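Scroll down for the structure; my scribbles are underneath it.
Please treat every number below as a calculation from the coordinates, not as lab data. The structure displayed is predicted, hence computed values, not measured ones. Heads up, the Cβs are rebuilt from the backbone with ideal geometry, glycines too, and the neighbour counts pull from every protein chain shown.
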């Protein structure tokens, strides 16, 4: 699904495309209520039409929204636009803070980081992951493309394949990931993830 500039999804007016991945397309948009720029992630049909995946997505969105850390991308809103509202197709979406900058993957494509900068980024990543783990969540797709370098520092993005590890939530989430399924980007997976 490609959304053109000017289209409104809920109170968000699309102003351009930011990119796409396995869990959806991301657009730059204007929040018409608060007059601010946001990132609007539209879910692909295979996620939105699968009730188990959608349930998982909604639970993860609530968990990520509860994370309050300067180096984790903030989730502002989640919603669904029914076709009967005049917007055309049904659309499920997330609204996140819009970040200026480049991914760590884009930066590394230009060459290696100086050692001091690499160490500083590593400490920031560890701080963000500590906050995520304290909430009983595993990111499961930590890679340079999911780390954004902004003028205000590095931010951890994309919790689309995150998994709970807390006892209270692990039973319900275990049903949502098929046994033997490897989730994440293979070249960045921990060995224990590959072993199940």
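When a footprinting reagent is the concern and you count Cβ atoms within 10 Å, what order do 103, 32 take, fewest first? Please list the in-between numbers first.
Details: 103 18, 32 12.
By the 10 Å Cβ count, ascending, the order reads 32, 103.
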Mind sorting 124, 26 by how few other Cβ atoms lie within 10 Å of their own Cβ, fewest first? 124, 26
Given a Förster distance of 30 Å, the FRET efficiency implied by the Cβ-Cβ spacing of residue 65 and residue 119, rounded to the nearest 0.05, works out to 0.45
Order of 50, 158, 35 - criterion: other Cβ atoms within 10 Å of each residue's Cβ, fewest first: 35, 50, 158
Taking every pair of Cα atoms in the stretch 19-168, average 1/r, invert it to obtain the Kirkwood radius, and report Rg/Rh to two decimals. 0.98
